[in-house]
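The values are calculated or read from the model by the stated rules, or taken from the named source; none is laboratory data. These numbers come from a predicted model, not from an experiment. Positions of Cβ are backbone-derived with ideal geometry, glycine not excepted, and every protein chain shown enters the neighbour counts. Just the protein is used for accessible areas: all its heavy atoms, side chains included, with ligands, DNA and RNA removed. Shrake-Rupley method; radii C 1.70, N 1.55, O 1.52, S 1.80 Å.
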Amino acid sequence: MKIVITAKDSYLNNYVDTRFGRANGFLLFDSETKKITFFDNEQNLNATQGAGIQTAQNIINIGADVVLTGHCGPKAFRVLSAAKVKVFTNLSSTTCAKALDDYLNNRLKEAECADVEGHWV
Amino acid sequence: MNLSIASGKGGTGKTTVSINLAAVAQQFFSNITLLDCDVEAPDCQLFLDQEISLKSSDVVVKTPKILIENCSNCGKCVKNCHYNALAKVNDSIIIFEELCHSCGMCSMVCRDTAITKENRKIGKIHNTKIADKGFNFANGDLNVGEVLTTKVIAQLKEDFCDSNINSLNIIDCPPGTSCPAVESFLDTDKVILVTEPTPFGLNDLKLAINLTAELKLPVAIVINKSDGIDTIIEEYAKEISVPIIGRIPFKKDYAKAYSAGKILVEEFSEVKGIFCDIIQKIPKINTVANISNKKIKKQFFHHAFTSANSENFQEITILSGKGGTGKTTVTASFAALAKNSVIADTDVDAANMHLMNNAKLIEQKDFFSGLSCQIDQDKCLQCGKCIQFCQFDAIENNNNNQFKINNLKCDGCGVCEYICKSNAIITRENLTGTTKLSATDYGPLIHANLNTAEDNTGKLVTEVRKQATQLAKFLQQKYLIVDGPPGIGCPVIASLTNSNCVVLVTEPTVSGIHDLERIIKLCKHFELLTYIIINKADINIEKAIELKKLAKIYSIEVIAEIPFDRNISKLLTQGKTPMHDKNNPIAKVLTKAWKTIIK
């Protein structure tokens, strides 16, 4: 199983990046190989629009099953849920390591819908 | 005749000038229409009692629709969409219509003919007869979440600009110099730019003047908050041969009337005289600003400070729902109080922090973003396909039978590059602005310039913040003070990321209250520690109380109430902050506020 955490940098002990689409990057944890890889999200961080959609698209393309993040807007949520990726939100003041640990020990509750409005207001 | 009223940024009195001109124009024109083209934040209606609604209609654009039975799910449309409006998930394509710019790329690249187009409503335009004032009023509403501001503006102008020679169409333009402003300027006959006699006013005026010069539009200047002499604007106007056709004096009474949503010409006979005079001078606006194309000397940043040292600084962002509320004054004052800070000016559309505190430019660096297209004349066969398929009318066939791309109209969709059989179209990253490092009396300042008619301010804001953060870490400064952009859009969100605390600067006026609530909601959404400063708190006691009630509802502390003081603008004219005089009551109020923030 592949788990993605939105992250500020490649350190597992740093805090979760609360933004989804414009997160600095994401950490991918593969539960089979136990390997952690960092993906830069520069391209979407700077996108004029649709950053959430593209980030979701990239996460799907790398074959993730689960996303751990701070907040997820309606458009990104729509893409992720269409791909049957499970989304866990509200991880605002936790480290990536703790978020991962909490998930692996079933301490998180899956989000049923986007937890915030889209930003293009 | 189409007359555009504009300014480099918000808060200079653009709406005031537009409404007052409309209110006096009936003596001189047979049919007057006021068009509020600031469709993202329309506020003309706050000053008008709308009585009879004549017509409301939808603004419609073409959006793609996928015919599932034909779709082979190849994903070509997703890859080619420059707007991130499509996603490919498992065995289907998802369309995000509100992000679509109707460029037609997806249907063009689809080999399965699985994409058709259908109509979609993105907003509304309304037309109202303001019976007691004798003019028509039209405004537009962009639906929440939509991005095609320019389509609403175009529709508004097409439907309500009366082409009769005795008609006057007054176009209240959106602030700034990016796409919506350019759209409002198209097909306009004359432009009036509203400014103030301060270094900030001048700075913003220059940006707007550059745009009018680029579009070759005849232009004149109206000075708001005039001190009677206005040396700073006078000198510039002379230099570029643009006439000043009116001055509205700086009076507390006027500010009071405005704050209560009143129309000045109805309250003050001398103001009526001023506006009648302006109207009579309109036919004489015939000259395009004379701008010599000075090339900017290019310098480059040496990223010496990339080795991060300390993470221990506090990031404070100063915001206001709209421009002109005193955000920059507060930021500059806080920088003076902080002593060891890095200042970041993220109002990249109209940066002005460098006008204060003796800023001296140290380094600057080009900033690239987005795509722009050019035609390689050696390869171009003038087949005309690009003209036929460009949805933005951005490709022109000039007199020498050469095809050229008008970058003011180009949206960067990439359709021309795709359709061109002779590979004559070159897409490359756009030079959209410059980031700068300056030294000031109160610490280093990172600021930026966005080139005329360029978009993607959010990206430049992110770049400014990134450089400022690196610098603050390297110099081990205690504070990073961010002067935010006006509004609540993408650039504002970009300026908020990673902030420890936000200070909202507002004023007790109808529009002040309206805009404050929107920005409070945004701060709450990001769970940020928020404070409020009320500027010019004593010009309207009732509205000030309303502001405080609003703060209470959202449990936000009001940390300062700054009194109205004409001397402040004098200090600003000299590029000084209220902190230059420690005994000044405003300096005391702000010192107290600063202590609350850092405690």
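How large a share of the accessible area of the protein assembly as shown, in percent, is made up of carbon and sulfur atoms when the probe is 1.4 Å and the other protein chains stay in place?
Details: 14820 of 30840 Å².
Accessible surface attributable to carbon and sulfur in the protein assembly as shown totals 48 percent.
Anything over 18 Å Cα to Cα? Flag those among B:K117/B:K157; B:K55/B:K129; B:K14/B:K225, in the order listed. Working shown, then result.
Details: B:K117/B:K157 25 Å; B:K55/B:K129 10 Å; B:K14/B:K225 12 Å.
Pairs exceeding 18 Å: B:K117/B:K157.
If r is the Cβ-Cβ distance from A:S93 to B:T231 and R0 is 56 Å, what FRET efficiency results, to the nearest 0.05?
E(calc), rounded to 0.05, equals 0.60.
So if R0 is 56 Å, what FRET efficiency would B:T113 and B:I541 give, r being the distance between their Cβ atoms, rounded to the nearest 0.05? Please report the intermediate quantities before stating the final value.
Details: r = 66 Å, r/R0 = 1.18.
The computed FRET efficiency comes out at 0.25.
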Worksheet item: Could you give the distance between the Cα centres of the range B:155-177 and the range A:71-121, to the whole Å?
Response: 46
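Starting from the Cα-Cα distance between B:N290 and B:E417, subtract it from 0.36 nm times their residue separation and give me the gain in nm to one decimal.
Between B:N290 and B:E417, full extension yields an extra 42.2 nm.
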Worksheet item: Based on the alpha-carbon gyration tensor of the range B:69-174 and its eigenvalue square roots a ≥ b ≥ c, which shape applies: rounded if a/c is under 1.5, prolate if not and a/b is larger than b/c, or oblate?
Response: prolate
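Give the average, rounded to an integer, of partner chain Cβ atoms located within 10 angstrom of each Cβ in A:35-45.
For this peptide, the per-residue mean of nearby foreign Cβ atoms is 1.
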Discussion item. Check which residues have an amide H placed less than 5 Å from B:T432's amide H, if you skip close sequence neighbours.
Written reply: B:F367, B:F368, B:S369
Discussion item. What does the structure give for B:74-86 when I average, per residue, the other chain Cβ atoms found within 10 Å of the residue Cβ?
Written reply: 3
Response to the item:
Phi-derived 3J(HN,Hα) across the range B:239-248 with the Karplus relation (6.51, -1.76, 1.60, θ = phi - 60°), rounded Hz, x for Gly and Pro, is 4, 9, 6, 10, x, 9, 10, x, 9, 9
Worksheet item: Per residue of chain A, what 222 nm ellipticity follows from adding -39500 (n - 2.57) for every DSSP H run with n ≥ 4, rounded to the nearest 500?
Response: -7500 deg cm²/dmol
Worksheet item: How much length is gained on full extension from B:I387 to B:R428, taking 0.36 nm per residue of separation minus their Cα-Cα distance?
Response: 12.8 nm
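Run the numbers for B:N166 and B:N451: contour at 0.36 nm per residue of separation, minus the present Cα-Cα distance, in nm. Could you put the intermediate results ahead of the total?
Values: separation 285, 0.36 × 285 = 102.60 nm, distance 3.65 nm.
Once the chain is fully extended between B:N166 and B:N451, it gains 99.0 nm.
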Worksheet item: So what's the net charge close to B:I534: Lys and Arg +1, Asp and Glu -1, counting the other residues with Cβ under 11 Å from its Cβ?
Response: -1
Discussion item. Going by amide H atoms built from the backbone, whose H comes under 5 Å of the H on B:A537, apart from near neighbours?
Written reply: B:I562, B:F564
Response to the item:
Checked the protein assembly as shown against the a/c 1.5 cut and the a/b vs b/c comparison, axes a ≥ b ≥ c from its Cα gyration tensor; verdict oblate
Worksheet item: How large is the dipole of chain B about the Cα centre if only Lys and Arg carry +1 and Asp and Glu carry -1, each at its Cβ, rounded to the nearest 20 debye?
Response: 1240
Practice prompt. Take the Cα atoms of the range B:389-468, build their convex hull, and give its volume per residue in Å³.
Written response: 126
Practice prompt. Please give the solvent-accessible surface of A:R19 in Å², to the nearest 10, using a probe radius of 1.4 Å with every protein chain present.
Written response: 50
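So with the 1.4 Å probe, I'd like the accessible area per residue for the range A:2-104, rounded to whole Å². Numbers along the way, then the final one.
Numbers: 4220 Å² over 103 residues.
Value returned for the range A:2-104: 41 Å² of accessible area per residue.
Can you pull the mean other chain C-beta count within 10 Å for peptide B:515-527?
Numbers: counts 0, 0, 0, 1, 0, 0, 2, 2, 0, 0, 5, 6, 5.
Shielding by partners across B:515-527 averages 2.
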Practice prompt. Compute for chains A and B the buried accessible surface, both sides summed, probe 1.4 Å, and express it in Å² to the nearest 100.
Written response: 2400
Worksheet, complete the sentence: Looks like chain A, by Cα gyration tensor root eigenvalues a ≥ b ≥ c and the a/c under 1.5 rounded cutoff (else prolate when a/b is bigger than b/c, oblate otherwise), is rounded
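How large is the direction-averaged shadow of the alpha-carbon convex hull of the range B:139-278, in nm²?
Values: hull surface 40.0 nm².
Convex hull of Cα atoms, orientation-averaged projection: 10.0 nm².
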Discussion item. Viscosity 1.306 mPa s, temperature 10 °C: what is the translational diffusion coefficient of the range B:324-456 from Stokes-Einstein with a Kirkwood Rh over Cα pairs, rounded to a whole number of µm²/s?
Written reply: 91
Worksheet item: Can you tell me the accessible area per residue over chain B, all protein chains present, probe 1.4 angstrom, in square angstrom?
Response: 42
Practice prompt. Return the calculated 222 nm mean residue ellipticity for chain B, to the nearest 500 deg cm²/dmol, obtained by summing -39500 (n - 2.57) across DSSP H runs with n ≥ 4 and dividing by the residue count.
Written response: -9000 deg cm²/dmol
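Suppose R0 equals 30 Å; then what is the FRET efficiency for B:E517 and B:H580 from their Cβ-Cβ distance, rounded to the nearest 0.05?
Details: r = 34 Å, r/R0 = 1.13.
Efficiency at R0 = 30 Å is approximately 0.35.
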